[in-house]
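Peer 1: Before anything else, here's the structure in question.
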Amino acid sequence: MPKKHERIKTKTKNVCIIDGEYYYRYDLKNPATGGRIQKEAGPYKSEKEAETQGILIKAAILNGTYITKNKLTISEFADQWLIMYKASGVKSRTVKSRQSTVKAITKRIGGLYLQELTSIRYQEELNKLRDEKKKKKNQDSPEEEYKYSRDFIIAFHSVMKMMFNKALELEYIKKDITQFVSVPVDNTTVEQLESNEELPEYLEKEQLAKFLKESSKCDDLQMHRIYFVLAYTGMRIGELLALRPTDIDEVNKVISITKTLYVGGSVKDITLNTPKNKSSIRKIDVSKTVISILKEQIAWRNEYHMEYRKWYVNEHNFIFINTNALPGRALNPNIVRDHMKEILKKAELPGSITPHSLRHTYTSLMSEAGVELEAIQKLLGHKKDNTTKEIYLHVTQAKKRAAVEKLDELLGGLL
């Protein structure tokens, strides 16, 4: 009786039996020393299967496509990749976004080995994301069904491509299976397309006036000034909360956007990043009313600073500040959103409106004022944006329709 772990030779060259199972033995070049490393592939159920797999291994070695079986799961590698990704100097908000996507990836396919995922299997996973329906619980209403958005699927695929590209670079895999798949097209029916007139949410000018009047009644006038400036400049909330007095040119009525604010889990967790992209670094021409509102805010902030100078933290000299714990520090965007919900409720306006919706509102107001699309996009800080274009076309088409109706009125009494 053979000893435990004893290798027993078979009739087939390079195939041996260990503990009753068949293995194929082969040599690989050691990249460090140039010598040979002996490997064993298996176990296999029969001598014939081991021989067949051995032929495939030899062919892969000759073609330079063979890689030793790596027991690293997608979940385990995702953890490694996140560390490397963060160390590359990516902005904090982007890392946080990637972490959220990685969490979704590991939940769905994290248990698979890196080499186990094929192009077909991955394409199937993306198709499932497109077709699956989830249930969302709401406090005030029954469960609602929803589908993953196309943006979510694109983000999922984008992170997978980055991860597998890095795995290929590290030689954990021999080919990147993500390059052979594509984000599936949404299964939208003709009827859905014909009935779909949904636009990004924004406030019409009458609604904006109502909202700002209501916000001017609240105890915290800082919030009113924030909403006013957001609506009249189209700035992102992070860009606004990162403003300092030196960013305001009162004489030329210009605001310089050179940074954006990211606030993490606590008031102390503050990061100042460069704007979203190159086109986001810009100068915004503003009205004298906006300059007046900002001067009011700076004067109020200075008075607040003097009153609470014992506790005031002035390390960044922000125009808009936190007034709760650690006064003077950056204002958390979540506080701005929470205040907004309360004001919207009092004004009897849609509760789904957010500070970012005021950016869309700005697009609407500028379109109605007759400003060209290209100029609006520059003021907003992006070269091209479908959302801005959709709102612009919606408003300008309504203006054209109104002009046509005026033609009827002009000639109506003569015909």
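The values are calculated or read from the model by the stated rules, or taken from the named source; none is laboratory data. Everything quoted here is computed from the prediction, not taken from an experiment. With ideal geometry, Cβ positions are generated from the backbone for all residues, glycine too; neighbour counts draw on all protein chains shown. Side chains included, ligands, DNA and RNA excluded: accessible areas come from the protein's heavy atoms. Shrake-Rupley method; radii C 1.70, N 1.55, O 1.52, S 1.80 Å.
Peer 1: For segment 207-294, evaluate the Debye formula with one uniform point scatterer on each Cα (no solvent term) and list log10 I(q)/I(0) at q = 0.12, 0.14, 0.20, 0.22 Å⁻¹, rounded to two decimals.
Peer 2: Log10 of I(q)/I(0), two decimals: -0.40, -0.54, -1.02, -1.14.
Peer 1: Along each of its three principal axes, how wide is the spread of alpha-carbon positions in segment 288-345, in whole angstrom units, largest first?
Peer 2: 36, 31, 18
Peer 1: I would also like to ask the following. With a 10 Å radius around each residue's Cβ, average the other Cβ atoms per peptide and rank 207-213, 354-360, 305-311, 285-291, highest first.
Peer 2: Ranked by mean Cβ neighbours within 10 Å, highest first: 354-360, 207-213, 285-291, 305-311.
Peer 1: Still on this structure, I have one more. Run the accessible area of segment 207-329 with a 1.4 Å probe and give the carbon-and-sulfur part as a rounded percent.
Peer 2: C and S atoms contribute 51 percent here.
Peer 1: If you count only protein heavy atoms with a 1.4 Å probe, what accessible area per residue comes out for segment 278-402, rounded to a whole Å²?
Peer 2: Ligands and nucleic acids excluded, the figure is 56 Å² per residue.
Peer 1: Turning to a different aspect of this structure: Consider a paramagnetic label point 7 Å from the Cα of VAL254 along Cα→Cβ; state which residues of segment 280-301 have an amide N under 17 Å from it.
Peer 2: 280-288, 291
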